[in-house]
1. Within 10 Å, count the other beta carbons around each residue, average over each peptide in 107-118, 72-83, 174-185, and list them highest first.
2. How many Å³ per residue does the convex hull of the Cα positions in segment 45-136 occupy?
3. Take the Cβ-Cβ distance between LEU101 and GLN3 as r, set R0 to 41 Å, and report the resulting FRET efficiency rounded to the nearest 0.05.
4. Per Stokes-Einstein, at 20 °C and 1.002 mPa s, what whole-number D in µm² s⁻¹ belongs to the chain, with the Kirkwood radius over Cα pairs as the hydrodynamic radius?
5. In nanometres, what is the gap between the two model label sites at SER159 and LYS72, each 7 Å from Cα along Cα-to-Cβ?
6. What whole-number value in Å² describes the accessible area per residue of the chain for a 1.4 Å probe?
7. With the chain treated as a Gaussian network of Cα nodes joined by springs under 10 Å, which of GLU120, GLU30, GLU157 yields the largest mean-square fluctuation?
8. Considering only protein heavy atoms and a probe of 1.4 Å, how much of the accessible area of the chain is carbon and sulfur, as a whole percent?
Amino acid sequence: MIQDIFALKIFRANMIGYETIRLETSCAIEAQVLEKGTRYITGVTVLQQQDLNQDLVPNIKNIFQFIDLNIKYYWQQLGYKGRPRLKYHWANVNFPDGATLMHDHAPSPLAGCFYVDVPENSGDLFLANPLEILLRYQPFEEHSIRHNEFPFDHRIEVSNGMLVMWPGYLVHRSGTNHSGKNRVLIGFDVDFEE
């Protein structure tokens, strides 16, 4: 008998009706990031939490209510103790040919992204298998693994209004933005109170 063990739970949801507010929300966030953000060599500009003026972003309160409601649900489904709370949040703009490199959010119990504006072919989310470092040294048949730089990643095709959350220790990255347009998202870490 073959049995999969140690399943990892991630969360995905789409905000209903988001497309009606996408353009206005995206333009407001992107304007702030481009004005005040820090640009990184990887083609990503990040605007930290304290600089994201929510009063200037239409509908942002609805988005954060959606995120908060789903954080609580995911937290409960994981069986975690305490009350979850949004610890940090920030806005990212991935420019054409930009990407977010592999990283994690430890020691935060949860991390996530809300995808504000995702042009086609602007880069998906890739979550690395926590056992990848060990799997690389197993004697797999060449045809049994994908032929790329990260053969054990799990790809999530992201879209406008999508919320994705995962354990904070999970290493992840974005694919390269080949769309010719900017990709905009809100990233966040989740902490908890006893």
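1. Going from most to least packed, we get 107-118, 174-185, 72-83.
2. In segment 45-136, the Cα convex hull volume per residue is 156 Å³.
3. Efficiency for this residue pair is about 0.75.
4. The estimated diffusion coefficient comes to 121 µm²/s.
5. Spacing of the two 7 Å Cα→Cβ label points: 2.7 nm.
6. 58
7. Maximum among the listed residues: GLU157.
8. Its accessible area is 53 percent carbon and sulfur atoms.
The values are calculated or read from the model by the stated rules, or taken from the named source; none is laboratory data. These numbers were taken from a predicted model, which means no experiment stands behind them. Methodologically, a virtual Cβ is constructed for each residue, glycine included, from the backbone with ideal geometry; neighbour enumeration extends over all protein chains shown. Ligands, DNA and RNA are excluded from the accessible area calculation, which covers all protein heavy atoms including side chains. Shrake-Rupley method; radii C 1.70, N 1.55, O 1.52, S 1.80 Å.
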